[in-house]
1. Can you sort Trp126, Trp542 by how many other beta carbons sit within 10 Å, fewest first?
2. So how do 32-38, 531-537 stack up, highest first, on mean other-Cβ count within 10 Å?
3. Mind scanning Lys70/Lys311; Lys70/Lys439; Lys64/Lys311; Lys64/Lys610 and naming the pairs with a C-alpha gap bigger than 29 Å?
4. Using a 7 Å offset from the Cα along the Cα-to-Cβ direction at both Lys419 and Thr360, what is the distance between the two label points in nm, to one decimal?
5. Extension gain Glu550-Ala377, at 0.36 nm per residue separation less the Cα-Cα distance, in nm?
6. Quick one: how many lysine pairs does region 116-248 have with C-alpha atoms less than 26 Å apart and a gap of 8 or more or different chains? Give me the count, please.
7. Can you sort Met282, Met425, Met120 so the residue with the fewest Cβ neighbours within 10 Å comes first?
8. What is the magnitude of the charge dipole of region 268-321 about its Cα centre, with +1 placed on the Cβ of each Lys and Arg, -1 on the Cβ of each Asp and Glu, and no other charges, expressed in debye to the nearest 20?
Amino acid sequence: MINFAVKMIDRETIDRIYAAANIVEVIGDYVTLRKKGVNYQACCPFHNEKTPSFVVSPTKGVYKCFGCGKGGNAVTFLMEHEQLTYPEAVKLLGKRYGIEVRETELTPEEEARKDNRESMFALNGWAAEYFTDVLHKTPEGESVGLSYFRQNRGMSDATIKQFGLGFCPAKGDTMSRTALDAGYKKEFLVATGLSLQREDGSLYDRFRDRVIFPIHNISGRVVGFGGRTLRTDKSVAKYQNSPESEIYSKKNELYGLYFAKKAIQKEDFAIMVEGYTDVISMYQAGVENVVASSGTSLTTEQIRLLNRFTKNITIIYDGDSAGIHASLRGVDMILQEGMNVRIVLLPEGEDPDSFARAHTTTELQDYIRSHEEDFLAFKAKLLLDEAKNDPIRKASLIGDMVQSIALIPDPIQRAVYIKEASRTMEVDESVLVSEVGRKRMSSTGDREAEAFVRRQAQRQRTEEQVEALTHVQRGGSSVEALERELTRYLLKYGHLSFDFKEGKNMVPYNVAEVIFGELETDGLTFQNPVLNEILETYRCYWTEGGVGVEVEAHRFINHADPSVCNASVDILTSGDNYIPSALWRKKDVHVESEGELLALGVPKAVTLYKSKVIERLSHQLHEQLQHPDLSDEKMQEIMQRLSQLNRGKVSIARKLHRLIL
């Protein structure tokens, strides 16, 4: 991997990009980061969590999730989040910071390795430009598509350009033939859904004679399209959307989020509407923190995507009560994810698109602020109006409200809503408390059991981290665990020295010198290829700088091999999330730091590692002795080697005994 990356992009360019990249800016495009001390914190974008355990360190240029364990730098974050290769992530960062990335020409073999996913992204990018060109540069596009956007929807040219709106020609296969002529493959035209295939193998355009709305993912890449027909023929579906594909999953995308995410972070709430034009009209009217669920019912994945940027969602409904009832399920899903929901009801006959076009920015913002209601008040008012004075329907309403409140994960928030519901619906609070408790036992019991298991696992991880801080390695540790331990000593303390007692004298030893010296004595290298790469990289810089000279962490954090980078970040941040008890400090109980324990830890780690290697070699030799065709000469050789290893075992056992005592 490392040779491939260096071959593609020269090291000088990579270093310039790493120097320019601000990891807080890069990751801040995907999650809302909150400053906490010298670092930033957020809920992890790689796994679902309620309590933030994802930490970004601007001084170190790394991120680390103490929940799922993922960590790395700005490049590896983009690789993980966007499913990019190392060169692709470097190029994306280079483009962001205005650094030209020169690449060597791809060989046929390298060209062949380009995966289908990237080919589909490239095709979608081309298609978006094609639809835009047709809209602006053809008589058909101007008279049909551009006229619709400008006159029917009141969109400015700047808005049309920003959202990349376009038009697909009415002639059935124009786009498909143009794409094939441009060198794009038939298989990808079908896979992205841009083209449909007839039984005879010929292609025709899915979006023919429709205005086009490109759908961007969170990083701005076009993953799919929505096409609206302008015909009045009822037999023709009003909207056509890209099908599910390798790069597009409706449940994981929110239309407009790429354009809205900065405003959502700034305002600390997101507005949820229904359709493409609702988003665009509100954005043009100056309300930019707006998204839509891309023509599908709201999904848990979409809610969690939005949860990266804010905990607060305002849903705007038009006056269609049937639509409101259908959407209340989405409100419950939002509550279940621990988010806050407010609802705005527009005047009868209005939708977000028409309302935004008829009002100024100030009027629109004022209306939202003055008419938004808490979900409980809105739902109670809606259902109470329907229940009138019917006690049976009112009892059903109370059960419906209890169901929603029971979904809220935060106990304090649940208690507040129970009190409010008791007042609104004139029901004894203790009755509601009992009902909510019963609902949670029946509907969320499994989830709470899972949460308990997670808490127990977290507690165990904490204990393991604290135990690691006292640095008592076990003889049962695996070879790889001990290799990791030695690597950690190198990266964190390789330049430091410790005093070791030999006889009656205290002799100073350098950490790196001890580790490399012991390994070289027996000609040992690490079995784990990533850890061995770190070892050899450190050896190279250590030899160049000399004993006592610190090898900077960025040599490993910004390593050209992403696996080395990720392993280094993981090792360098291990233990950073845990500190000695405040009670111990208050009572002046001294807790020895890892650095203070080098005199015990380093020799013991090296000795245990060598012991494990001898154990493995002895096992291999004993297996060789079982071979039926073993010659006497070979047997003698193996016996001598076993004898040497046994002497080594005795020596190590004595050494370990001294170290433990």
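None of the figures in this text is laboratory data; all of them are computed from the coordinates on show. Small disclaimer: the values here were computed from a predicted structure and weren't measured. Virtual Cβ from ideal backbone geometry, glycine too; neighbours counted across all protein chains shown.
1. Values: Trp126 17, Trp542 22.
In increasing order of surrounding Cβ atoms, one gets Trp126, Trp542.
2. Numbers: 32-38: 13.0, 531-537: 19.1.
With the highest mean Cβ count within 10 Å placed first, the list reads 531-537, 32-38.
3. Over 29 Å Cα-Cα: Lys70/Lys439; Lys64/Lys610.
4. 4.0
5. Values: separation 173, 0.36 × 173 = 62.28 nm, distance 6.18 nm.
Taking 0.36 nm per residue and subtracting the Cα distance, the gain is 56.1 nm.
6. Going through region 116-248 pair by pair, I get 11.
7. Values: Met282 27, Met425 18, Met120 24.
Ordered by Cβ neighbours within 10 Å, fewest first: Met425, Met120, Met282.
8. Values: 3 positive and 7 negative charges, 60 e Å.
Rounded to the nearest 20 debye, it is 280 debye.
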